[in-house]
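Please read the structure below before turning to the comments.
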Amino acid sequence: MTDATLLRRRSLLGAGAAALVLPGLAARAQDAVTLRLHHFLPAVSNVHRFFLQPWAQKVQADSGGKLRIQIFPAMQLGGAPPQLYDQARDGVADIIWTLPGNTPGRFPRIEVFELPFVAHKRAIVNCGAVQEFAERHLREEFREVHPILVWAHGEGLIHSRRPVRTMEDLNGMKIRFPSRLNGEALRALGAAPVGMPVPQVPEALSQGVIDGAVVPWEVVPALRLQEMVRNHTEVPGSPTLYTATFILAMNRAKYDGLPAELRAVLDANSGQAAARMAAVPWDERGPIVEADVRRRGNEIIVITEEEKARWMRTTRPVTDAWVAQSRERGFDGAMLLAEAQELVAKYGRSVA
């Protein structure tokens, strides 16, 4: 047998083996499912880089590559941030990350964590508390979608052109707020609250529409807020002035249509497992952002404990009004508030 004949036979054998192997590979590739995750912040944001991306990578790894999540930041699939929840409901996106507070009054029960001086300073506490609360009380509220995770960030700050040390400093100041009750608390403190999704903050500041904004540290670099204002006001300790709640939600039909093994992977990366990952941008990246802002020479103000007590007394009517309104909407807000506070205390005991 000549070398040329032997080479041709080996080539034919190799082709036959490939014909046997390649259909199997093609079948596995066809078995892979890709889900589109849509959100409102840019790809440079800390939540995108340090929660959503690692979470998507973990889902893919745990599924052996059979479940992939393609992330579309900065509203790349179209629409505006207040439309994200409905995009998940309607299947425009498979998964979304949004704030329930973007549609004021639509999700009244989760607002309990957005009442003034309910939330903890640490995100890991709020993430665990809100998720457990959601499992007990929010299934009906979010029935149109499949919730993967419901959570809240850590402390929010007042970032402003003028320094804020007392309630009087807030008088008439136009401050952006993320959710209805955050705005009510600011109004009670004397500010002129302005509601808007967070991506609109830089333009609103540059045009003088607002004098400042309440956001947590982690989002400051994505907005370049540290370049637009020089004053950052914190409330000492816990409870803190405010938080905003979030939901990572999936189209219900898309979830139900997944193979059982892929649903199991998604379930294993939902709930409290996801809550622990979600805390990272706030609890780990937040202090890094704060240190960077301090190095710039911006002023970081911590109000006194006495001033905090004044703020708590002054904003108490916001909480009382929410409890009264809850009865009109058919649920017991006082009971939910007590449970929310108990859950914050429960998860707070696990942190230093």
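The values are calculated or read from the model by the stated rules, or taken from the named source; none is laboratory data. Remember, it's a predicted structure, so these values are computed and weren't measured experimentally. Note that each Cβ is placed from the backbone with ideal geometry, even for glycine, and that neighbours are counted across all protein chains shown.
More than 25 Å from the chain's Cα centre (by Cα), within 27 Å of residue 57 (Cβ to Cβ), modelled with pLDDT of 95 or more and not β-branched (Val, Ile, Thr): does that describe residue 260?
yes
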Original post:
Looking only at the range 166-195, which residues are under 27 Å from residue 348 (Cα atoms) and of a type in the set (D, E, K, R)?
Top reply: 180, 184
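Being assigned to a helix (DSSP H, G or I) and β-branched (Val, Ile, Thr) is the requirement here; does residue 314 meet it? Even if it seems obvious, please write down each step before you answer.
Details: assigned to a helix (DSSP H, G or I): yes; β-branched (Val, Ile, Thr): yes.
Answer is yes for this residue.
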Original post:
Of the residues 248, 241, which single one is within 20 Å of the chain's Cα centre (by Cα) and part of a strand (DSSP E or B)?
Top reply: 248
Original post:
Has the range 283-295 got any residue that is part of a loop (DSSP other than H, G, I, E, B), assigned by TED's automatic domain parsing to the domain that holds residue 190 and exposed (fewer than 14 other Cβ atoms within 10 Å of the Cβ)?
Top reply: no
**OP:** Exactly one condition in (1) over 26 Å from residue 346 (Cα atoms); (2) surrounded by fewer than 18 Cβ atoms within 10 Å (Cβ to Cβ); (3) touching a helix residue (DSSP H, G or I) at 6+ places or on another chain (Cβ under 7 Å) is not met by residue 265; state its number.
**Re:** (2)
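For (1) assigned to a helix (DSSP H, G or I); (2) surrounded by fewer than 24 Cβ atoms within 10 Å (Cβ to Cβ); (3) not polar (S, T, N, Q), each residue gets a yes or a no:
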residue: 96; (1), (2), (3): no, no, yes
residue: 106; (1), (2), (3): no, yes, yes
residue: 112; (1), (2), (3): yes, no, yes
residue: 116; (1), (2), (3): no, no, yes
Subject >> Residue list for the range 40-56, restricted to those being farther than 16 Å from residue 68 by Cα and among the small types (Gly, Ala, Ser) >> reply: 43, 45
